[in-house]
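Below is one structure, written out as structure tokens; the observations come after it.
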Amino acid sequence: MTDARHTKVLIIGSGPAGYTAAVYAARAMLKPILIQGIQPGGQLTITTDVENWPGDTSVQGPDLMIRMEAHAREMGAEIISDYISALDLSQRPFVARADSGTTYTADAVILATGAQAKWLGLPSEERFKGFGVSACATCDGFFYRGKEVVVIGGGNTAVEEALFLTNFASKVTLIHRRDSLRAERIMQERLFAHPKVEVLWNHTVDEVLGDDTPLGVTAVRARHVETGVATDIPCAGFFVAIGHAPASELVQGQLETHHGGYVKVKPGTTETSIPGVFAAGDLTDHVYRQAVTSAGMGCMAALDAERFLAGLMT
């Protein structure tokens with residue numbers, strides 16, 4: 001026999017959006033239940049120094065998420081370590097089924113499942129994540145002042161990352177597997193005109209090279225797609241910019257999405273295509289993807305949910 005729980009507000013996801021939504025929903029006396037998911041704390045748990053969180057000149061990503069979780073608990077949110085594997089938005093109350101066997105019903109749902117950067121899938125890439133390998137230049141570019149970095153990718157994200165990194169790095173090498181970029185023409189022009197940028201065409205990355213003590217990147221091994229010739233490119237940082245994948249599998253075919261799976265919300269709100277279902281953070285944000293904007297949307301989602309629930313009572 002499975003357990004059944006009911007809540008006014010079910011929050012799915014535990015990054016800055018989810019925890020902030022929990023704080024606001026708890027303060028509104030909605031007694032929210034937050035299901036943390038497979039990666040409690042979200043993408044910030046694989047980030048080391050965070051220097052753009054207001055109020056902290058420097059904070060470790062995992063430490064920040066521990067503090068946010070503690071804050072949500074202190075406000076009265078119930079936080080559960082579980083994973084929602086199925087969500088039915090076709091009936092009311094909404095029904096969510098967890099891996100533990102528990103079934104949750106909810107009058108309102110806040111989706112904060114986030115998005116994950118796409119990676120190359122190299123063992124060496126995994127080894128140096130957070131120690132020279134990153135998927136966010138705006139998060140980590142500051143640490144590479146005066147150093148050489150490498151970016152891989154060919155779309156808008158890669159060009160944006162490369163141009164942003166020129167504010168700090170002494171040299172930026174952009175590696176692309178083809179002989180032309182997919183990025184917008186105006187962005188390409190800016191990239192090609194920048195004196196700090198060099199583009200390496202028709203290459204892929206085979207391996208990230210580095211040291212053990214201290215753990216850090218020293219180079220990447222690039223290979224020509226036609227000749228197979230390998231070249232080691234010295235660098236202190238390697239930025240993977242081949243896109244992001246929103247974690248929207250739970251709501252595929254149920255909610256309206258756009259831009260490759262991001263949940264679509266009504267402009268200026270967190271309202272989705274189903275009343276009572278709200279989306280916040282990287283799950284819906286394909287533009288900014290910052291912890292502070294995710295937290296802001298978490299606040300909005302809780303306030304939107306509170307107004308929705310108040311309307312049900314009138």
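The values are calculated or read from the model by the stated rules, or taken from the named source; none is laboratory data. Nothing here was measured: the structure is a model prediction, and the numbers come from that model. Positions of Cβ are generated from backbone atoms using ideal geometry, with glycine treated the same way; all protein chains shown enter the neighbour counts. Please note that ligands, DNA and RNA were not included when accessible areas were found on the heavy atoms of the full protein model with its side chains. Shrake-Rupley method; radii C 1.70, N 1.55, O 1.52, S 1.80 Å.
Looking at (1) open to solvent by 20 Å² or more (accessible area, probe 1.4 Å); (2) under 15 Å from ALA301 (Cβ atoms); (3) part of a helix (DSSP H, G or I), can you tell me which one GLY18 breaks?
So GLY18 meets the others, but not (1).
Per-residue answers, yes or no, for (1) open to solvent by less than 70 Å² (accessible area, probe 1.4 Å); (2) over 20 Å from THR293 (Cβ atoms):
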{"position": "GLY13", "(1), (2)": "yes, no"}
{"position": "LYS31", "(1), (2)": "no, yes"}
{"position": "GLY61", "(1), (2)": "yes, no"}
{"position": "GLU74", "(1), (2)": "no, yes"}
{"position": "SER90", "(1), (2)": "no, yes"}
{"position": "PHE94", "(1), (2)": "yes, yes"}
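Going by what's in this entry, would ARG67 be described as in a helix (DSSP H, G or I), open to solvent by 60 Å² or more (accessible area, probe 1.4 Å) and in contact with a strand residue (DSSP E or B) (Cβ under 9 Å, 6 or more places away or on another chain)?
Here the answer is yes, as ARG67 does meet what is asked.
Could you list, in sequence order, the residues of segment 183-198 that are exposed (fewer than 15 other Cβ atoms within 10 Å of the Cβ), among the hydrophobic types (A, V, I, L, M, F, W, C) and at pLDDT 95 or above?
Hits for segment 183-198 are PHE192, ALA193.
How many residues, within segment 230-245, are of a type in the set (A, V, I, L, M) and touching a Ser or Thr at 6+ places or on another chain (Cβ under 7 Å)?
2
Of all residues in segment 102-120, which are open to solvent by 20 Å² or more (accessible area, probe 1.4 Å) and closer than 19 Å to GLY41 by Cα?
THR113, GLN116, LYS118
Restricting the first residue to segment 147-161 and requiring it to be within 14 Å of VAL220 (Cβ to Cβ), which pairs with a second residue that is of a type in the set (Val, Ile, Thr) meet a Cβ separation below 6 Å and a spacing of at least six or different chains?
VAL149/VAL172; VAL150/THR173; VAL150/VAL220; VAL150/ILE233; ILE152/ILE175; ILE152/VAL205; ILE152/VAL240; GLY153/ILE242
For residues that are among the polar types (S, T, N, Q) and open to solvent by less than 70 Å² (accessible area, probe 1.4 Å), scanning just segment 267-314, find the one that is modelled with the lowest pLDDT.
GLN290
Report whether or not ALA86 is within 25 Å of GLN254 (Cα to Cα) and surrounded by fewer than 17 Cβ atoms within 10 Å (Cβ to Cβ).
yes
Quick one: which residue in GLY237, GLY216 is touching a residue at least 24 places away in the same chain (Cβ under 8 Å), farther than 19 Å from SER85 by Cα and touching a helix residue (DSSP H, G or I) at 6+ places or on another chain (Cβ under 9 Å)?
GLY237
Of everything in segment 34-88, what is over 17 Å from the mean Cα position of the chain (by Cα), of a type in the set (S, T, N, Q) and within 23 Å of ALA98 (Cβ to Cβ)? Give them in sequence order.
Across segment 34-88, the qualifying residues are SER81, SER85.
Only one of ASP99, ASP49 is open to solvent by 30 Å² or more (accessible area, probe 1.4 Å), touching a Ser or Thr at 6+ places or on another chain (Cβ under 6 Å) and free of Cβ contacts under 8 Å to residues at least 40 places away in the same chain; which?
The match here is ASP99.
Only residues that are in a helix (DSSP H, G or I) and either within 15 Å of SER170 (Cα to Cα) or among the acidic types (Asp, Glu) (or both): list them for segment 135-159, please.
Scanning segment 135-159 gives ALA137, ASP140, GLY141, PHE142, PHE143, TYR144.
Considering segment 40-64 alone, what residues qualify as being in a helix (DSSP H, G or I) and out of contact with any strand residue (DSSP E or B) (no Cβ under 8 Å at 6 or more places or on another chain)?
Matches in segment 40-64: GLY42, THR45, PRO62, ASP63.
Taking into account only those residues within segment 121-146 that are farther than 22 Å from GLN60 by Cα and touching a residue at least 24 places away in the same chain (Cβ under 8 Å), which is most open to solvent (accessible area, probe 1.4 Å)?
Among them, the one singled out is GLY146.
Tally up the residues in segment 204-218 that are open to solvent by less than 20 Å² (accessible area, probe 1.4 Å) and over 22 Å from PHE168 (Cα atoms), please.
Adding up the residues that qualify gives 1.
Restricting attention to segment 219-262, report how many residues are open to solvent by 40 Å² or more (accessible area, probe 1.4 Å) and aromatic (Phe, Trp, Tyr).
The total comes to 0.
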